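Peer 1: The structure follows.
Here, each number is a calculation from the coordinates, and none is a lab measurement. All values reported here derive from a predicted model rather than from experimental measurement. Every residue, glycine among them, receives a Cβ derived from its backbone with ideal geometry; neighbour counts consider all protein chains shown.
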Amino acid sequence: MAGRAVDEAVHQKRRYVPRTTSRVLLVGATIELLRELPFDEVTVRRIAERAGLNTKAIMNIFGSQEGLFIEVAGELSRRFAEFLAAQPEEQIYEGVPIQADFVLRTQLVAWLIAQGADPRSFTRVPDHQVSTILQARQRQREAGIGDDAIRLFTEVLQYLAEGFIIFGGAHDTRPDDVAVAGAFMNRIRADLPRLTEGLFENTS
């Protein structure tokens, strides 16, 4: 009863918070908690308390806790897009596997899928997908490479980065391997015109 009274008091205090502001508060609070706690301990009540809102706000805005988590994954992708945009061209691939927002987004998506979420839920904002961002950067650098080659290379890179985040702890990876792998991917990217010559001639 006491918890409900506190929750109702907070709701009264926050009654006129605009929907857009509530969305920002809830997403921000969720990201903070996901960094602090195991994912299964990030409950609706904890999120609402951190945001200073009523738990009903989550259902009203996102439809469910899963809906909120999917929105959070999109926000983390947007933040990662900003990170990529600021990277020097020669370092574009070296920071992908260890950047905090990309790591959290990958771990969250993997956890949600394991909990039964539809994987297609995370493709609703393609402009913020890692592969799309990297494809745009690659097109800027190598105008002579076909779109199919760029798409395949960036998707493979994303698979590698996500796999490293999820399964890296299960392998005997040395501390310097990540930086070397980034430099290795840069060398492959620089040689893409030769490596992909003739591979996509029969594709549309």
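Peer 1: If you stretched the chain out fully between Asn186 and Arg151, how much longer would it get, using 0.36 nm times the residue separation minus the C-alpha to C-alpha distance?
Peer 2: 11.0 nm is the gain from fully extending Asn186 to Arg151.
Peer 1: Modelled label-to-label distance, Glu32 and Ile113, 7 Å Cα→beta-carbon offset: nm?
Peer 2: My value for the distance between the label points is 3.0 nm.
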